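Read through the structure below, which is laid out as structure tokens, and then see the notes.
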Amino acid sequence: MKFETLLVGAPLNQSPAPELQWVEVSSSLQIPAFHIIGLPGPEVSEARERVRSAIDSSGLEFPRRRVVLNLSPASIRKQGTGLDLAMALAILNHDTLLKQRPGPHQSNDTPLRIIAWGELGLDGSIKDAGHRMRTLYSAMLEKVDCVVLPPHPKNEEALELLRKGENGKEIRIQIVTALTLIEAWMKIQELQRGDPPSSLSLPALQSTAAPEVAATDTTVPGPKSRRTRV
């Protein structure tokens with residue numbers, strides 16, 4: 001199945017129970033700037049520089065526009081440097097959609113739903129940011145298409161603990177591992193095209209059944225300020 005759009009989420013660490021937050025990106029043709037809203041904590045606000053530097057260092061292009069990134073739900077304070085990866089992937093997808101669609105457009109395509117969690121280095125590397133159990137459990141509850149994480153031996157351990165907590169039930173979680181932002185972005189693009197991604201990490205606990213995908217709309221209103229939900 002081909003996915004034209006992308007919906008990026010991350011675990012919500014302030015929530016008592018494992019829940020997700022979703023990254024929304026809007027941009028307009030104004031003086032270039034980058035704003036993060038949705039009650040970001042100090043380390044999340046600082047991600048502006050990490051994300052921009054990581055994208056540039058990876059040979060990719062940060063949008064030369066006024067970019068506003070919202071972390072939804074906006075009523076809960078966001079914490080964790082692991083949000084870096086989700087924000088970077090959402091921005092890259094937004095920029096790709098802008099270049100592909102010259103005019104106002106509303107897509108009814110079912111998006112590829114992913115969870116991404118990892119801290120970005122200024123050189124574009126992806127660092128472990130912990131919270132893997134919460135990340136994987138959130139992915140299981142939301143039935144997302146895949147989880148993007150940096151490689152770590154504890155990824156498999158977390159899956160095993162999760163399986164035991166579910167009394168041995170099959171757990172449908174597909175993990176994509178990447179050491180760098182450019183590697184993660186290329187694998188996500190392969191998934192969007194419906195191609196078999198290279199070097200996918202597929203845990204033994206994954207079911208052979210196709211993942212379930214929840215439909216959502218991607219809206220780009222207005223000729224000057226185009227908004228996509230990614």
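When the test is whether a residue is in contact with a Leu (Cβ under 9 Å, 6 or more places away or on another chain), at pLDDT 95 or above and among the hydroxyl-bearing types (Ser, Thr, Tyr), Ser75 does not pass it. Among residues of segment 169-182 that are at pLDDT 95 or above, those with a Cβ under 6 angstrom from a residue that is assigned to a loop (DSSP other than H, G, I, E, B) and hydroxyl-bearing (Ser, Thr, Tyr), sequence gap 6+ or separate chain, pair up as Leu181/Ser58; Ile182/Ser58. Can you find a residue that is of a type in the set (Ser, Thr, Tyr), touching a strand residue (DSSP E or B) at 6+ places or on another chain (Cβ under 9 Å), under 24 Å from Lys127 (Cα atoms) and surrounded by 14 or more Cβ atoms within 10 Å (Cβ to Cβ) anywhere in segment 160-177? Yes - at least one qualifying residue is present in segment 160-177. A single member of Ala54, Ala86 is more than 19 Å from Arg134 (Cβ to Cβ), modelled with pLDDT of 95 or more and of a type in the set (A, V, I, L, M), and it is Ala54.
Residues in segment 33-89 that are touching an Asp or Glu at 6+ places or on another chain (Cβ under 9 Å), of a type in the set (Gly, Ala, Ser) and under 18 Å from Ile188 (Cα atoms): Ala54, Ser58, Gly82.
Looking at Ser207 and the list (1) polar (S, T, N, Q); (2) more than 26 Å from Ile126 (Cα to Cα); (3) modelled with pLDDT of 70 or more, which single condition is not satisfied? Going through (1) polar (S, T, N, Q); (2) more than 26 Å from Ile126 (Cα to Cα); (3) modelled with pLDDT of 70 or more one by one, Ser207 breaks only (3). In segment 132-172, which residues are at positive phi and over 15 Å from the mean Cα position of the chain (by Cα)? Correct list: Asn167, Gly168. Residues of segment 95-119 being modelled with pLDDT of 95 or more and in contact with a Ser or Thr (Cβ under 8 Å, 6 or more places away or on another chain), which ones? Result: Ile115, Trp117, Glu119.
The values are calculated or read from the model by the stated rules, or taken from the named source; none is laboratory data. The model shown is predicted, which means the values in this text are computed figures rather than measured ones. Counting neighbours? That spans all protein chains shown, and the Cβs are built from the backbone with ideal geometry, glycine included.
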